[in-house]
Amino acid sequence: MITIKRMETDDEIRGKAYVHWRGWHDAYSGLVSAAYLEKLTLEKCEQMAFQWRDNILIAKDGERVVGFAGYGEADPAAGELFALYVLKAYWGTGVAQLLMRAALEQLASCPKIGLWVLKENPRAIRFYEKCGFRKTGEEQYLSSVDATEIRMICMR
């Protein structure tokens with residue numbers, strides 16, 4: 001059974017870091033710079049996870065962290081979904097939808113929610129569109145990963 005909860009314990013933080021690391025390697029291989037992926041180690045993801053503990057929801061299958069969502073408020077009128085990752089074995093199982101729903105509930109006071117997604121990631125774009133997000137036409141090139149992101153917004 002999948003449960004969605006706030007990330008709290010050191011084991012959960014390490015689990016989130018693993019999902020982050022594995023997610024990048026599974027979802028972005030061929031979409032971002034191979035050199036960047038080589039440098040993105042599990043240890044680096046753990047360092048980031050222990051530094052950024054706030055506003056993280058995790059999906060657990062029993063005691064195993066299988067996904068996470070990071071969210072926040074860009075300003076009082078706009079929320080932001082900073083990250084949403086699920087282990088590949090859980091793609092298509094509804095875990096991402098559970099995380100999205102929970103993150104949007106946390107941002108319920110925001111009339112607008114935004115996110116950035118890789119332009120060359122049609123699977124993720126379709127998912128976000130099913131969740132009510134629409135492309136804005138805004139793009140940004142990220143030299144660190146040698147890829148372009150597009151902006152998507154969900155109005156409430």
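Here, each number is a calculation from the coordinates, and none is a lab measurement. These numbers were taken from a predicted model, which means no experiment stands behind them. Glycine gets a Cβ as well: all are built from the backbone with ideal geometry, and neighbour counts include every protein chain shown.
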Rounded to whole Hz, the Karplus (6.51, -1.76, 1.60) HN-Hα couplings of the range 92-102, x for glycine and proline: x, 9, x, 5, 4, 5, 4, 5, 4, 4, 5
Overall Cα dimensions of the chain, principal axis frame, Å, largest first: 37, 36, 29
Vicinal HN-Hα couplings computed from phi for the range 25-33 (Karplus, 6.51 cos²θ - 1.76 cosθ + 1.60; Hz; Gly/Pro x): 6, 7, 8, 10, 4, x, 9, 10, 4
Cα-Cα over 29 Å, subset of K5/K88; K44/K135; K5/K112; K44/K130; K39/K130: K44/K135; K44/K130; K39/K130
Residue-averaged [θ]222 nm for the chain, counting only DSSP H segments that reach four residues, each worth -39500 (n - 2.57): -10500 deg cm²/dmol
Distance between the range 1-67 and the range 90-156 - C-alpha centres, whole angstrom: 17
Burial order of peptide ranges 56-63, 27-34 (average beta-carbon count within 10 Å, highest first): 56-63, 27-34
